[in-house]
Amino acid sequence: MRTIVKGKNLDVPDDDRTYVEQKMRRVERLLDDRSEAIVELSRERHKSTEESRIVEVTLVIDGRPLRSVARASSFRAATDEVVDKLERRAVDFKSRPRDRGRSADRQDAVPGGSGVPVSQDTERGWPRIVKVKRFDLEPMFEEDAVDRMEELEHSFYVFVNAETERVAVLYRRNDGDYGLIEPEAAGGYAKGQGKSRA
């Protein structure tokens, strides 16, 4: 596994860098040579120094990202915490069946996207949006959307339905079939009673 240690608006002290690299070897034994870990150390000014040091790790396992974050009063304490979390999550991640994991674990952003997920570390509250992706919607038939979604190995696909000329979201259901969401504007906007633009 390749490990990259970097600081966010700070120079990482050599002793902290060495400590992080040593601790990451615990995770490394669970993964193969194709895996990569990016460890980012940062500081946040708080009233209390208890959570002022942040260590965020993004692991790429079999091309799929896994992220975890820890806060503590020192980089070493935060590193210990984040490595403990990562060990548990990496074991779960690797032990899940590949076909079930495709829909449950992949957090692909959008069709044609890079597959970078929203942060899943909910110990600090709820997940946060870390990336916004814009893309062109292609008019196509439902069958073509299914083919495109499967080709991209996504769990959902956004497209313009060529029959209805409306935006639709195709998604893979837990039972292996597909579902289709066809959004409609609520309230007065659906009935053409909304404010018109000048």
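Computed quantities for the displayed model
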{"read-out": "Residue, nearest to Pro183 (Cα to Cα), within segment 126-140, restricted to residues that are in contact (Cβ under 8 Å) with a residue 12 or more places away in the chain and charged (D, E, K, R)", "value": "Glu138"}
{"read-out": "One residue from Glu40, Glu36 being at pLDDT 90 or above and not aromatic (Phe, Trp, Tyr)", "value": "Glu40"}
{"read-out": "Selection count, segment 156-177, where residues are over 15 Å from Lys133 (Cβ atoms), hydroxyl-bearing (Ser, Thr, Tyr) and surrounded by 12 or more Cβ atoms within 10 Å (Cβ to Cβ)", "value": "1"}
{"read-out": "Top-ranked residue in segment 141-155 [being out of contact with any Asp or Glu (no Cβ under 9 Å at 6 or more places or on another chain), without any contact (Cβ under 8 Å) to a residue 24 or more places away in the chain and within 27 Å of Arg64 (Cβ to Cβ); ranked as surrounded by the fewest Cβ atoms within 10 Å (Cβ to Cβ)]", "value": "Glu151"}
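The values are calculated or read from the model by the stated rules, or taken from the named source; none is laboratory data. As the structure is a prediction and not an experimental result, all values here were calculated from the model. So basically every Cβ, Gly included, is an ideal-geometry build from the backbone, and we count neighbours across all protein chains shown.
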